[in-house]
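A.B. asks: I'd like to ask you about the structure that follows.
The values are calculated or read from the model by the stated rules, or taken from the named source; none is laboratory data. None of the values given here were measured: they were computed from a predicted structure. Please note: Cβ atoms are built from the backbone with ideal geometry, for glycine as well, and neighbour counts cover all protein chains shown. To get the accessible areas, we keep the full protein, side chains included, count just its heavy atoms, and leave off ligands, DNA and RNA. Shrake-Rupley method; radii C 1.70, N 1.55, O 1.52, S 1.80 Å.
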Amino acid sequence: MRAMPTTVTAVTALLLLTACGGEGGGDKAKDDAKQKQESVACSMAKVSLEVGPASEAPAAGDTGEVPVDLVNQGPACILDGFPEASLVAAEGEPVALSPTDGATAQKLTLAEGGSASFTVTYVRGPEDAGQSLDVKTLEIGLPGATDTRAFPWSYGPVAHQGEGEGSGTGTGAADASVSAFQRSGD
């Protein structure tokens with residue numbers, strides 16, 4: 001006879017816990033709205049960008065790094081993927097940069113005022129015409145966004161990928177890459 005009241009008590013407690021969990025419908029709607037708001041890709045219109053100061057490659061064959069910092073000026077947004085970066089030569093043809101070997105993109109949520117950074121790494125090419133990409137502009141875009149911003153490139157010519165100094169004229173891609181976004185700041 002003692003077993004039955006304990007069983008009834010346990011079943012009653014279980015039903016009460018289940019009923020409590022079911023009353024959170026309003027909270028689920030708030031959670032869904034918050035998740036939808038946070039799932040918006042960051043846009044160029046809502047971030048500030050700063051390029052440099054760079055660790056400039058001093059001579060042909062040397063490697064340089066150009067840091068890019070961004071701060072979210074709008075509501076929370078997502079950076080999901082690699083930065084989109086291109087080098088634009090005097091001829092005006094953009095050359096898209098590939099991700100740095102071994103880099104893994106991560107999904108970052110940036111709150112208002114949150115910041116992130118990435119780095120463009122490049123190999124300086126020789127000054128000889130035709131052996132390097134005579135870069136004039138660095139174009140930057142964000143994953144999931146269609147607009148870009150252009151910044152002047154003052155770090156010298158960029159070598160063609162797979163070709164060193166004195167290897168003749170190059171027609172390959174630029175010997176440059178872009179790192180993954182990293183959270184920065186506090």
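A.B. asks: Please go through the range 113-127 and pick out each residue that is closer than 11 Å to Val66 by Cα and open to solvent by 30 Å² or more (accessible area, probe 1.4 Å).
C.D. replies: Hits for the range 113-127 are Thr119, Thr121.
A.B. asks: On the given criteria, is Ala145 farther than 22 Å from Asp69 by Cβ, at pLDDT 85 or above, surrounded by 15 or more Cβ atoms within 10 Å (Cβ to Cβ) and among the hydrophobic types (A, V, I, L, M, F, W, C)?
C.D. replies: Taking the combined requirement at face value, the residue does not satisfy it.
A.B. asks: Based on this model, can you work out whether Pro58 counts as assigned to a loop (DSSP other than H, G, I, E, B), modelled with pLDDT of 90 or more and either touching a helix residue (DSSP H, G or I) at 6+ places or on another chain (Cβ under 8 Å) or closer than 15 Å to Asp134 by Cα (or both)?
C.D. replies: Against the criterion (assigned to a loop (DSSP other than H, G, I, E, B), modelled with pLDDT of 90 or more and either touching a helix residue (DSSP H, G or I) at 6+ places or on another chain (Cβ under 8 Å) or closer than 15 Å to Asp134 by Cα (or both)), Pro58 does not qualify.
A.B. asks: Okay, moving on. Taking the options Leu49, Leu70, Leu79, Leu87, name whichever one is surrounded by 12 or more Cβ atoms within 10 Å (Cβ to Cβ), more than 16 Å from the chain's Cα centre (by Cα), at pLDDT 50 or above and in a strand (DSSP E or B).
C.D. replies: From the options Leu49, Leu70, Leu79, Leu87, the qualifying one is Leu87.
A.B. asks: Which residue pairs have Cβ atoms under 6 Å apart, sit 6 or more places apart or on different chains, and have a first residue in the range 82-107 that is within 15 Å of Gln161 (Cβ to Cβ) and a second that is aromatic (Phe, Trp, Tyr)?
C.D. replies: That search, which allows pairs on different chains as well, returns Pro99/Phe82.
A.B. asks: Now for a separate question. Return the residue satisfying two criteria in turn: it lies in the range 90-100 and is outside any strand (DSSP E or B) and under 14 Å from the mean Cα position of the chain (by Cα), and of such residues it is surrounded by the most Cβ atoms within 10 Å (Cβ to Cβ).
C.D. replies: Applying the filter and picking the extreme gives Leu97.
A.B. asks: Another question about this same structure. What pairs can you find where one residue is in the range 143-163 and closer than 19 Å to Ser177 by Cβ, the other is surrounded by fewer than 15 Cβ atoms within 10 Å (Cβ to Cβ), and their Cβ atoms are less than 6 Å apart, with a gap of 6+ or different chains?
C.D. replies: Within 6 Å, the pairs are His160/Gly172; Gln161/Gly172; Gly162/Gly172.
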